[in-house]
Amino acid sequence: MKVFILLLLFMAFQLSMVNCSAAPPDPSEIVRGSWEHYRQAFIREGRVVRPGNGSDTVSEGEAYAMLRAVLMDDRKTFDECLAWTESRLSRKNSHGDRLLAWHFENGEVTDSTAASDADIDYAFSLVLASRTWKDGSYLDLAREVLESILRHETLERAGRLYLLPWPAPTGGIADLAPQNPSYYAPSHFRVFYEVTGDKRWLELADTGYYLIGRLQDSCGGTGGSGLVPDWCAVDLQGNIAQLPGKSSIYGWESVRVPLRVAADFQISGDSRALGVLRRFGAFFDREFSRTGRIFSEYACDGRAVGPFENALFYSAAYAALQSSEFQSADAVLERLREFVRHDGLQWWYQDREDYYVNSLAWLVEYYNMKKQ
């Protein structure tokens, strides 16, 4: 009987080690451990696999992995992902540009349409690689990708340059131009201007802040809550409208907006970034004070769509709260860390097979690690 009780205690201890982290972990431990888990769980000889989607691959996954690899100074993994991406997803031979086909499954590209968020993160990872490892070949490729983005994935409308989520069709866009606010990455755009000298990148940063600010004032056509929708559109006169067939709530796309804007604020100190983050922060501060939680998905008027919580939404809320110095930031970070799990040297957020959440939720811990 005593042996049985000891066995139960041992099993309980092992389970607690996998399912939760007892003491607040060090940010660097989370960052290193989450990269170890990401490499082991999702990367197969340079290919980033999404286990929950039939083991397919999307271009954003390759870009996320390459960005993480260079930040972790893991050149081997970076080069493996670069080689796989160029050999399988590059549209150089099929379309004559340096964008990436967005979807790969069952050994082949199943949709060669490019996704501009992936192309932007891909180019940014290449620029960082050139600076980290002093190799100009990465920068040469980055410049080719950047030229293709400007040529195929931008649109001028009502005197303003917009980033399209995918290449414009032949003949252009006649009516509503689709927009995804989370694709605008002003910190990336500043770097792209540095390496190309093309002022269109600064124009795109300006457009991003213009678009996000307008949406915070009137998300989805309703009263402004400080949130932004996943998708919207711009008409011929430059008016913002809903995009038919796409989500207009604050959800799994727009959750990236606070993370991207916070990155720009920490790097550049842009007052526009702080203004955006304060609007986000005010909403999250009220919501957390009222309910003790941050939910996954909100309608534009600020109502929670469902009772669900997710680590990524806490990460985005913390980015806004910490940057704009709300006192609730520490409590939200503590709540985020309740979603951290670990098993030995591997750390992950919430679900060890959730590729998307584990691609992004670690970013605030990376920032905290750099502050130390």
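The values are calculated or read from the model by the stated rules, or taken from the named source; none is laboratory data. Owing to the predicted nature of the structure, the values given are computational and were not obtained by experimental measurement. Cβ atoms come from the backbone with ideal geometry, glycine included; neighbour counts cover every protein chain shown.
Laid out as a table, the results:
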{"quantity": "Qualifying residue in the stretch 71-78 (condition: under 20 Å from the mean Cα position of the chain (by Cα), at pLDDT 95 or above, over 23 Å from VAL340 (Cβ atoms) and not in a helix (DSSP H, G or I))", "calculated": "no"}
{"quantity": "Residues (of a type in the set (Ser, Thr, Tyr) and closer than 22 Å to HIS188 by Cα) located in the stretch 203-245", "calculated": "THR207, TYR209, TYR210"}
{"quantity": "Complete set of residues in the stretch 314-346 that are assigned to a loop (DSSP other than H, G, I, E, B) and of a type outside the set (Gly, Ala, Ser)", "calculated": "GLU325, PHE326, GLN327, GLU338, PHE339, LEU345"}
{"quantity": "Members of the stretch 194-212 found to be out of contact with any Leu (no Cβ under 6 Å at 6 or more places or on another chain) and of a type in the set (Lys, Arg), listed by number", "calculated": "LYS199"}
{"quantity": "Among (1) within 29 Å of VAL127 (Cβ to Cβ); (2) of a type in the set (D, E, K, R); (3) part of a helix (DSSP H, G or I), the one test that GLU253 misses", "calculated": "(3)"}
{"quantity": "Number of positions in the stretch 227-239 that are touching a helix residue (DSSP H, G or I) at 6+ places or on another chain (Cβ under 9 Å) and either modelled with pLDDT under 95 or more than 21 Å from ARG279 (Cα to Cα) (or both)", "calculated": "1"}
{"quantity": "Boolean, ALA311 is of a type outside the set (Val, Ile, Thr) and within 29 Å of ASN53 (Cβ to Cβ)", "calculated": "yes"}
{"quantity": "When residues of the stretch 224-274 are limited to those that are β-branched (Val, Ile, Thr), closer than 21 Å to VAL364 by Cβ and out of contact with any Pro (no Cβ under 6 Å at 6 or more places or on another chain), the one surrounded by the fewest Cβ atoms within 10 Å (Cβ to Cβ)", "calculated": "ILE267"}
{"quantity": "In the stretch 131-151, the residues that are in contact with an Asp or Glu (Cβ under 7 Å, 6 or more places away or on another chain) and crowded, with 20+ Cβ neighbours inside 10 Å", "calculated": "VAL145, SER148, ILE149"}
{"quantity": "In the stretch 91-136, the residues that are farther than 15 Å from LEU150 by Cα and aromatic (Phe, Trp, Tyr)", "calculated": "TRP102, PHE104, TRP133"}
{"quantity": "Any strands (runs of 3 or more DSSP E) falling wholly within the stretch 96-175 and containing at least 2 residues that are acidic (Asp, Glu) and at pLDDT 95 or above", "calculated": "108-114"}
